[in-house]
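Enquirer: This is the structure I want to talk about, given as structure tokens.
The values are calculated or read from the model by the stated rules, or taken from the named source; none is laboratory data. Everything numeric here is computed off the predicted structure, so don't read it as measured data. A quick note on method: Cβ atoms are made from the backbone with ideal geometry, for glycine too, and the neighbour counts reach across all protein chains shown. Accessible surface areas use protein heavy atoms only, side chains included; no ligands, DNA or RNA. Shrake-Rupley method; radii C 1.70, N 1.55, O 1.52, S 1.80 Å.
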Amino acid sequence: MFFGLFLLWMIFNGRITLEILLIGLGISAALTFFCNRMLGPPRAPLLPSFRKVYLTFTYVLTLIKEMILCNLRVMGLILRRVEVQPRLIYFRTKLHSETAQTVLANSITLTPGTITVSVKENVFCVHSLDASLSETLEDGPLAHSLHKLEEA
């Protein structure tokens with residue numbers, strides 16, 4: 001953490017002088033000391049594995065793709081003036097960690113036409129603007145990508 005903070009200090013300053021080096025060393029040391037004191041020493045490895053970075057990148061691409069597809073579906077509903085049939089969908093997820101469940105809930109809310117209402121004990125309650133927008137919630141690409149990321 002110390003080296004990362006010191007590197008940021010040097011990059012943001014843009015020039016190297018003795019004063020900037022000494023002040024950067026002091027501030028980086030103090031921040032590292034206080035963070036370790038308040039948060040405890042880091043428990044996770046500093047650099048994530050390449051597999052996790054790859055799976056995270058894949059998840060972000062999948063989320064963008066799903067957002068575009070749902071956006072097109074909602075635009076189609078509007079332009080065709082189809083009578084929408086809103087509904088609440090309940091489904092159980094295979095995700096175990098609260099972090100993964102939160103990311104999935106936020107991702108569902110980010111996609112047009114769906115809003116996560118609640119998450120309790122692995123059961124999601126999602127409001128969908130139309131049945132066509134809720135087809136891939138339970139075992140869709142977002143949940144699948146997050147499950148792979150959680151296993152890594």
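Enquirer: Whole-Hz Karplus ³J(HN,Hα) for segment 107-117, in order, using 6.51 cos²θ - 1.76 cosθ + 1.60 and θ = phi - 60°, x for Gly and Pro?
Expert: Coupling constants for segment 107-117: 5, 5, 5, 5, 6, x, x, 9, 9, 7, 8 Hz.
Enquirer: Can you give me the accessible area per residue for the chain, using a 1.4 Å probe, in Å²?
Expert: Averaged over the residues of the chain, the accessible area is 71 Å².
Enquirer: Helix-only estimate, please: 222 nm mean residue ellipticity of the chain, summing -39500 (n - 2.57) across DSSP H runs of length 4 or more and dividing by its residues, to the nearest 500.
Expert: -19500 deg cm²/dmol
Enquirer: Okay, next question. Considering Cα pairs under 8 angstrom that are at least six residues apart, work out the relative contact order of the chain and quote it in whole percent.
Expert: Once divided by the residue count of the chain, the mean separation gives 23 percent.
Enquirer: Report Rg/Rh for segment 1-147, rounded to two decimals, where Rg is the Cα radius of gyration and Rh the Kirkwood radius.
Expert: Rg/Rh for segment 1-147 comes to 1.19.
Enquirer: Along the charge dipole of the chain, Cβ charges K/R +1 and D/E -1, which of Val123, Cys35, Ser97 sits furthest on the positive end?
Expert: Sorting the options by dipole projection puts first Cys35.
Enquirer: Then there's this: Rounded to the nearest 0.05, what FRET efficiency do Asn36 and Ile64 give with R0 = 30 Å and r taken as the Cβ-Cβ distance? Could you check?
Expert: 0.25
Enquirer: Of all accessible surface on the chain at a 1.4 Å probe, what whole percent is carbon and sulfur?
Expert: Within the chain, the accessible surface is 66 percent carbon and sulfur.
Enquirer: Multiplying the sequence separation of Glu19 and Arg51 by 0.36 nm and subtracting their Cα-Cα distance, what value in nm do you get?
Expert: 7.4 nm
Enquirer: Let me ask something else about it. Test of understanding: extend the Cα→C-beta vector of Ser97 to 7 Å, then name every residue of segment 106-129 with backbone N under 17 Å from that spot.
Expert: Residues 106-107, 122 qualify, since their backbone N sits under 17 Å from the label point.
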